[in-house]
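Below: one structure, written as C-alpha cells.
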Amino acid sequence: MVHLVEEMSPDERAELFDELPAGVVKRLLQQLSPEQRQATATILGYAEGTAGRVMTTEYVRLRRGLTVGEALSKIRNDNF
C-alpha cells in the first residue's frame with residue numbers, strides 16, 4: 001500500500017487521504033519518503049475546496065525563447 005501511495009502525485013494523495021480515517025493517514029504519512037511527506041503536507045495545509053488543495057507541487061522550468069512546440073516536447077519527454 002505504501003508503494004502505491006508513494007507513486008501517486010501529492011495532490012492525488014491528498015485527495016485519497018481526505019477519504020481515509022485519520023489513523024490510517026497518519027501511518028501512511030509516517031512511511032512516505034521525507035520529500036513526498038512534505039509535498040503532501042503542503043497540499044493538506046490548504047482548506048478543502050480551495051485551489052491550493054487541488055494544485056500540484058511539481059513544476060516545469062523552461063528556458064526563454066522556446067517555441068510552444070519545443071516546450072511541449074520537453075514537457076512530454078520529461079527533458080527539463
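We did not get these values from a lab; they are worked out from the coordinates using the rules stated. Nothing here was measured: the structure is a model prediction, and the numbers come from that model. Every residue, glycine among them, receives a Cβ derived from its backbone with ideal geometry; neighbour counts consider all protein chains shown.
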message = 7 Å from Cα along Cα→Cβ at both Ala47 and Leu62: what's the point-to-point distance in nm?
response = 3.4
ask   = So, in nm, how far is label Val2 from label Ser33 when the simple model puts each one 7 Å beyond its Cα toward the Cβ?
value = 1.4
request  = Please give the net charge around Asp11, taking every other residue with its beta carbon less than 13 angstrom from that of Asp11, where Lys and Arg add +1 and Asp and Glu add -1.
outcome  = -3
message = I need the calculated FRET efficiency for the pair Val24 and Ile75, taking r as the beta carbon distance and R₀ as 35 Å, to the nearest 0.05.
response = 0.55
